[in-house]
Amino acid sequence: MTLIKSISGIRGTIGGFQGENLTPIDAVKYAAAYGSWVKQQREKNNYTVVVGRDARISGNMMQQLVMNTLIGLGIHVVDLDLSTTPTVEIAVMLEHADGGIILTASHNPKQWNALKLLNHKGEFLDANEGQKILDIADNENINFSEVDDLGKITSNQAYIDLHIDEILDLPLVDVEAIKKAKFKVVVDGVNSTGGIAVPALLEALGVEPVKLYCDPTGEFPHNPEPLKEHLGDLMNRVVDERADFGIVVDPDVDRLAFVDENGDMFGEEYTLVTVADYVLQHTPGNTVSNMSSSRALRDITEKRNGNYTASAVGEVNVVVKMKETNAVIGGEGNGGIIYPELHYGRDSLVGIALFLSYLADLRISVSALRKTYTSYFMSKKKIQLTPELDVDELLKAMEVKYASEEINTIDGVKIDFDDNWVHLRKSNTEPIIRIYTEAKSQEEADHLADKIIGEIKLIAN
């Protein structure tokens, strides 16, 4: 059982003891700290925070605790109920709200939940803002409102539709071309809110959705991380339905992956690469992804005469670097698309619409589209942490071991070899070390990852 307090939010497993897991008391504690931080940002008479959740089983309980804590602080709440992370982000902007909270543990299994925290721009908090909230939670007495000054909860469940409307209005979303193409697409909504939002978007675009696990019960039918080893049902269904391709999202709909018409993975890393290729052809400019993402984005950016920049891992770091470089598209290699024309947040829905626009324009199959890009192969593995492991010491030892290679330590340790690379970092959301490698064959990428894991274990022992 785990409780992880970080600048990116509060994440933990449901049940157990206070302070060791994400219990109701912990939910109230950190919601109160966040609400107090919101009130410290600007002196005004009324404050508003948007709150939404994915469909996981603990979501309604957590949302009620969080919302009622906020109204106890005199903050008005816009309740989106079942929603998506990008939808809440857009709602913060459209409501001119002071912040937002999404109750979701993203790709984590059903026993997990989290408070994802947004600022008044509908963007994730930076390190400084996040640390302030942790400090308030640990060190301050919270000043709650008197009875006449309590906040109110207003329900608004129209925002998924409003989010879709905003996407349809984007100049690069070619609604007419998509409708003419008459696509048929299988959707794996992992029994969360993607099962609501993605079919609704497809229907608005004139695409025939075939629903697979689209009942938002929170009972995930498979591991909710959208990786190949979890998606056998989707791959088979695409072939059985003779669909044009398949779509899978994670429970809060900020990660996006495709399966081609043959039931083969398009490659999670190539979601961003393909969408960026389409965007760069129409709006030349720069791109950003995190340093665990494929070199393929750099290749396509340079091909389109733009400049590519790598950021530290984490959506907020990508967004900061995108603003610094005026990037027209960016994101993370885990299928996270950030399209600033809509908003600065990972958004599977806008990724789907842009991908469909490109496919309709090219009039080729998804497998043929994938073949237009240089193939890099990635291995994404992890080492479970135990209390006795000193992660910083392990990473420093690896840095020293490979000091003769090109080393980047802005986020863990990335070692660039001539024909491949490895990135080692401690996860912000799980008690693990992530080991990402990339090479020109899957065998080479897997071998490099296993070699590095063996070396880390040898050092640890």
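Find the residue count for segment 303-315, including only residues that are assigned to a helix (DSSP H, G or I) and at pLDDT 95 or above. Even if it seems obvious, please write down each step before you answer.
The initial filter retains those residues of segment 303-315 that are assigned to a helix (DSSP H, G or I), namely 303, 315.
Subset that is at pLDDT 95 or above: 303.
Residues in segment 303-315 being assigned to a helix (DSSP H, G or I) and at pLDDT 95 or above: 1 in total.
Looking for something of a type in the set (Gly, Ala, Ser), at pLDDT 95 or above and either over 25 Å from LEU65 (Cα atoms) or touching a helix residue (DSSP H, G or I) at 6+ places or on another chain (Cβ under 9 Å) (or both) - is there at least one such residue anywhere in segment 123-134?
no
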>> What are the pairs with Cβ atoms under 7 angstrom where one residue, in segment 443-458, is closer than 18 Å to SER292 by Cβ and the other, located anywhere, is in a helix (DSSP H, G or I)? Sequence gap at least six, or different chains.
In response: ILE456/LEU394; ILE456/MET398
>> Cβ contacts < 7 Å: first residue more than 22 Å from VAL273 (Cα to Cα), restricted to segment 376-396; second residue basic (Lys, Arg), any location; separation 6+ or different chain. Result?
In response: LYS382/ARG434; VAL391/LYS426
> Consider VAL210 against the criteria (1) without any contact (Cβ under 8 Å) to a residue 12 or more places away in the chain; (2) assigned to a strand (DSSP E or B): it satisfies all of them except one. Which criterion is unmet?
Replying inline: (1)
>> When you check ILE10 against the structure, is it among the hydrophobic types (A, V, I, L, M, F, W, C), closer than 21 Å to ASP250 by Cα and at pLDDT below 95, yes or no?
In response: yes
> So which residues in segment 255-298 are at pLDDT below 95, out of contact with any Ser or Thr (no Cβ under 6 Å at 6 or more places or on another chain) and charged (D, E, K, R), if there are any at all?
Replying inline: GLU268, ARG295, ARG298
> For segment 138-153, how many residues meet the condition of being closer than 26 Å to ILE90 by Cβ and surrounded by fewer than 16 Cβ atoms within 10 Å (Cβ to Cβ)?
Replying inline: 2
>> Against the definition (outside any strand (DSSP E or B) and not assigned by TED's automatic domain parsing to the domain that holds PHE124), how does VAL328 come out, yes or no?
In response: no
> All but one of (1) crowded, with 24+ Cβ neighbours inside 10 Å; (2) over 22 Å from the mean Cα position of the chain (by Cα); (3) of a type outside the set (A, V, I, L, M) hold for TYR34; which doesn't?
Replying inline: (2)
>> For segment 111-123, which positions are buried (at least 17 other Cβ atoms within 10 Å of the Cβ) and farther than 17 Å from LEU3 by Cβ?
In response: LEU118, ASN119, HIS120, GLY122, GLU123
>> Yes or no: segment 53-61 includes at least one residue that is surrounded by fewer than 19 Cβ atoms within 10 Å (Cβ to Cβ) and free of Cβ contacts under 8 Å to residues at least 12 places away in the same chain.
In response: yes
> What are the residues in segment 317-358 that are modelled with pLDDT under 95 and either surrounded by fewer than 24 Cβ atoms within 10 Å (Cβ to Cβ) or touching a Gly at 6+ places or on another chain (Cβ under 8 Å) (or both), if any?
Replying inline: ASN317, GLY335
> How about segment 405-449: which of its residues are modelled with pLDDT of 90 or more and of a type in the set (Lys, Arg)?
Replying inline: LYS414, ARG425, ARG434, LYS440
>> Anything in segment 11-58 that is within 21 Å of ASN428 (Cα to Cα) and of a type in the set (Ser, Thr, Tyr)? List them, or say none.
In response: THR13, THR23, TYR30, TYR34
> Considering ALA137, ALA97, which residue is more than 19 Å from the chain's Cα centre (by Cα), part of a loop (DSSP other than H, G, I, E, B) and either assigned by TED's automatic domain parsing to the domain that holds ALA32 or of a type in the set (Gly, Ala, Ser) (or both)?
Replying inline: ALA97
>> So the check is Cβ under 8 Å with 6+ separation or different chains; which pairs have a first residue in segment 93-109 that's on the phi > 0 side of the Ramachandran plot and a second one that's of a type in the set (Gly, Ala, Ser)?
In response: SER106/ALA114
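One line per residue, one yes/no per condition, for (1) in contact with a strand residue (DSSP E or B) (Cβ under 6 Å, 6 or more places away or on another chain); (2) buried (at least 17 other Cβ atoms within 10 Å of the Cβ):
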{"residue": "LEU70", "(1), (2)": "yes, yes"}
{"residue": "LEU80", "(1), (2)": "yes, yes"}
{"residue": "THR87", "(1), (2)": "no, yes"}
{"residue": "ILE102", "(1), (2)": "yes, yes"}
{"residue": "PRO109", "(1), (2)": "no, no"}
{"residue": "LEU125", "(1), (2)": "yes, yes"}
{"residue": "ILE133", "(1), (2)": "no, yes"}
{"residue": "ILE136", "(1), (2)": "no, yes"}
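The values are calculated or read from the model by the stated rules, or taken from the named source; none is laboratory data. Note that the coordinates shown come from a computational prediction; the quantities given were computed from them, not determined experimentally. For neighbour counting, all protein chains shown are included, and Cβ atoms are generated from backbone atoms with ideal geometry for every residue, glycine included.
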